[in-house]
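I have placed the structure first, in the form of structure tokens, so that the comments after it can refer back to it.
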Amino acid sequence: MIIYLLCGLVSCILSQGNYQILSSSSDFNNIFKIENQFQNKSYTLFNASFPADINIFSGYIDYNMLFKKQLDFDLIFGYKSIDYGTLKDGQTNNQFKAHESALEINLVKEKILEDTNLEATFGYLKSTIETYKSEALYFNLKWILPVRPNNLVVFKLENFGSVRKHYTSSKIKLPKTISLSYTLSNTLPFNISIEYENRLDMNDKTLYGTVMLDVIENLKLYISSDSNRKELFYGDYIQELFAGLRFGLDYSNELNNFGIGLQNLGPAGNATFLSFSKNIK
């Protein structure tokens with residue numbers, strides 16, 4: 001019963017389901033469904049704060065850039081976690097903790113076929129809900145294909161793998177996801193990214209849209225929404241205009257990158273995002 005209580009609480013806030021660490025955005029670019037997460041960055045740090053004291057943290061280190069190694073592919077090590085804070089059983093009023101974390105190895109190979117890039121991720125997940133524990137191994141694959149100058153088609157398979165240890169005899173599936181996106185650049189005063197995502201374990205299909213605008217030199221503005229935002233409507237017309245919308249500012253120079261974002265979660269409140277990346281020369 002505790003497991004279902006947790007899934008219901010988190011789903012209400014994050015609009016997702018089981019194994020949140022795999023289906024929640026854990027970097028600034030993924031919040032807005034844009035690419036080039038690891039490009040020219042020695043390391044990246046990210047934090048997201050949600051209502052009910054839910055916090056996400058992630059960190060990635062590019063082995064090649066940080067240690068000046070010359071490999072045929074980029075090797076990135078990653079860690080991400082969700083802390084759900086203190087939760088309460090609605091029937092017994094017992095309080096308990098919940099936490100999820102994942103370790104990842106990312107292999108990025110550029111120009112496999114002309115300008116085509118391929119990224120593979122191998123990960124280990126550990127989830128704890130009170131005294132219940134679960135572990136899983138998963139695999140992600142991303143194929144990035146330029147179709148016109150500065151335009152990208154991206155195909156992704158995410159969270160494919162197996163649960164090695166279940167919480168209980170109840171079998172909870174990994175959030176397997178297939179997505180396809182297209183980014184249109186340099187034809188309008190702003191860039192547009194569209195992504196279609198199919199969450200296989202829940203048969204949930206979502207369409208994302210993001211507009212990217214250069215405000216001044218080195219400063220970008222992001223505005224993003226998705227087809228699930230109507231689930232956050234609760235009767236207030238003005239509030240409904242902003243429900244589910246994500247806003248972000250991204251500043252970049254030769255060495256550093258700073259990102260800050262905000263998402264309106266309707267009656268649940270707001271989520272905030274902070275990101276910092278550095279290129280060590």
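None of the figures in this text is laboratory data; all of them are computed from the coordinates on show. All values derive from a computational prediction rather than experimental measurement. Don't worry about glycine lacking a Cβ; one is built from the backbone with ideal geometry, like all the others, and counts go over all protein chains shown.
Structure notes:
- Once the gyration tensor of the Cα atoms in the range 181-268 is diagonalised, the equivalent ellipsoid follows with semi-axes of 26, 18, 13 Å, ordered largest first.
- Its Kirkwood hydrodynamic radius, worked out from the mean inverse distance over all distinct Cα pairs, puts the range 2-278 at 19.7 Å.
- Computed from the Cα positions only, the extents of the range 86-234 along the three principal axes stand at 58, 43, 31 Å, in decreasing order.
- Residues with amide H under 5 Å from that of GLY244, placed H, sequence gap 5 or more: ASN264, LEU265, GLY266
- What you get for the range 2-278, charging only the Cβ of Lys and Arg (+1) and of Asp and Glu (-1), is a dipole of about 620 debye around the Cα centre.
- Alpha-carbon Rg with Dmax, taken over the range 54-109, Å: 17.9, 57
- On Cα atoms only, tilt of 2-14 relative to the major axis of the chain in degrees: 40
- Over the residues of the chain, the helix contribution to mean residue ellipticity at 222 nm works out to -2500 deg cm²/dmol, using -39500 (n - 2.57) for each DSSP H run of at least 4.
- Phi-based couplings in Hz for the range 195-205 (Karplus 6.51, -1.76, 1.60; Gly and Pro marked x): 9, 10, 10, 10, 8, 5, 5, 10, 6, 10, 10
- The separation of the range 31-102 from the range 179-248, counted between C-alpha centres, amounts to 21 Å.
- Considering only ASN186, ASN30, ASN64, the Gaussian network model of the chain with Cα springs below 10 Å gives its largest mean-square fluctuation to ASN186.
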